[in-house]
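A.B. asks: So that we are looking at the same thing, I have put the structure below in structure tokens.
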Amino acid sequence: MYDPEQHHRRSIRLKEYDYASEGLYFVTICVHEYRPMLGTVIDGTMHLNDAGRMVKEWYYRCAEHFPDIECMEMVIMPNHFHCIWRNVGADRCVCPTEDHRNSGEHTGSPLHRVVQWFKTMTTNGYIHGVKQFGWIPFNKHLWQRNYYEHIIRNQQSFEEIVAYIIENPIHWKNDKLYIE
């Protein structure tokens, strides 16, 4: 039960920013308790297990579910996931109906909805893997409650983040999320 005296959740999102607007978003989502459940890094190369492959599949299916979202660079690590999602903008997405488009209703996909859908689908997929294939059960939640996001504002930042994502397995033993 939520107790404001005990639970001090503070949003790290920019208050005035429209997270459904066109742009590039660097997102990091961590496994609950940082448990290494998605594979292993061997000699600087990430080797996905079945759970990691399931996460990868759902990442690319985001673009099918959200017509204004493009899946760009990503890496799945043993206990976290980095990606870049591109929102092409509500005005450029293919909306379900003409009526919906003209209703004045917001048609873009807010980043938190994309993350929420991704977490839901991967959690359901993981539960299926536990029941059907004996995957390691998780404790209460597959993913941590929140996620980290960064709005990519220019080409230099984009290139640095892409390099960071690509090189993440190489630097795994120096990563703050590294667990043996």
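FYI, it's all coordinate maths here, none of it is from the lab. Nothing here was measured: the structure is a model prediction, and the numbers come from that model. Quick reminder, even Gly has a Cβ in these numbers, built from the backbone with ideal geometry, and neighbours come from all protein chains shown.
A.B. asks: Each residue of segment 62-73 in order: what ³J(HN,Hα) in whole Hz does its phi give by Karplus 6.51 cos²θ - 1.76 cosθ + 1.60, θ = phi - 60°, with x for Gly and Pro?
C.D. replies: After applying 6.51 cos²θ - 1.76 cosθ + 1.60, I find 4, 5, 6, 7, 10, x, 9, 10, 10, 8, 10, 4 Hz.
A.B. asks: Taking the highest mean first, how do the peptides 129-135, 165-171, 116-122 order by number of other beta carbon atoms within 10 angstrom per residue?
C.D. replies: My ranking of the peptides, most packed first, is 116-122, 165-171, 129-135.
A.B. asks: Mind listing the long-range amide H neighbours of Ile152? Cut-off is under 5 Å, sequence gap 5 or more, other chains count too, H placed in the peptide plane at 1.01 Å from N.
C.D. replies: Amide H to amide H, under 5 Å and 5 or more residues apart or across chains, Ile152 pairs with Leu24, Tyr25, Phe26.
A.B. asks: Using only alpha carbon pairs under 8 Å that are at least six residues apart, calculate the relative contact order of segment 23-166 and give it in whole percent.
C.D. replies: 35 percent
A.B. asks: Can you give the percent of C-alpha pairs in segment 23-166 whose distance is more than 23 Å?
C.D. replies: Across segment 23-166, Cα pairs with separations above 23 Å total 39 percent.
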